[in-house]
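First the structure, in the form of structure tokens, and then the observations on it.
The values are calculated or read from the model by the stated rules, or taken from the named source; none is laboratory data. Since we're looking at a predicted model, the values are computed, not measured. Because the Cβ atoms are built from the backbone with ideal geometry, glycine has one as well, and the counts that use them run over all protein chains shown. Note: accessible area is taken over every heavy atom of the protein model, side chains too, but ligands, DNA and RNA are not part of it. Shrake-Rupley method; radii C 1.70, N 1.55, O 1.52, S 1.80 Å.
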Amino acid sequence: MSKSFASLLLVPLLLLGLAGRPAHAEARHARADAAEVVLHRYVDYINQKNWPAFAGLWSAGLQPMWSSFFGSGDNRNNHVGVLGIKRAKLVGYHEVPKAFGLNFVGNGTGRCLETPGAESRFFYTAIRYDVFNESKYMLNGINYVFLVLVKENGHWRVCQCSVAPAAHFIEGGYGFGTADERSYDERRMRFAR
């Protein structure tokens, strides 16, 4: 085969290969609905260390708290909370019915949900973390996280992110069926004081 003929074949093959790749992160979420896209962005912004965008995912009433949190040098230096995550990957998620999800809602979230006509969605997620320091709140490996989203001005926003009591989600029929999920609560308690 001549070099010029091989070059002619190579260019279309390269173009086809590039065309099959998503141009940006939004293309990866093309099949997810608007609320599910928030779950993907949650993880994307952690990996990008895009803290202003991360804060923007939250309910309007919580955004000032996040701005203050990210503005603290102590939090950054000590890898507190979400700042302690080196990398994250959304492994999977299950939407749970509101009646079930309300069992795991904190007091602050309850106020967000009390707004008349407020739309809300509840997600049990599996997120793989690589963290600076393990704690009962974050482990290296898959963590099970409960996320509550509310719709504000036509956009889905996070109003709660908490460690999910995996045993309860398994018992409720919303588990992922993995051995590490079944041992998650116990593994976390190694760090309880």
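Filtering the stretch 45-82 to residues that are over 20 Å from Leu149 (Cβ atoms), open to solvent by less than 60 Å² (accessible area, probe 1.4 Å) and either within 14 Å of the chain's Cα centre (by Cα) or among the small types (Gly, Ala, Ser) (or both) leaves Gly71, Ser72, Gly73.
Listed here are the residues, each with its yes/no results for (1) without any contact (Cβ under 8 Å) to a residue 60 or more places away in the chain; (2) loosely packed, with under 15 Cβ neighbours inside 10 Å.
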site	(1), (2)
Lys86	yes, yes
Phe104	no, no
Phe122	yes, no
Asn133	yes, yes
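Annotation: of all residues in the stretch 31-44 being outside any helix (DSSP H, G or I) and open to solvent by 50 Å² or more (accessible area, probe 1.4 Å), the one that is modelled with the highest pLDDT is Asp33.
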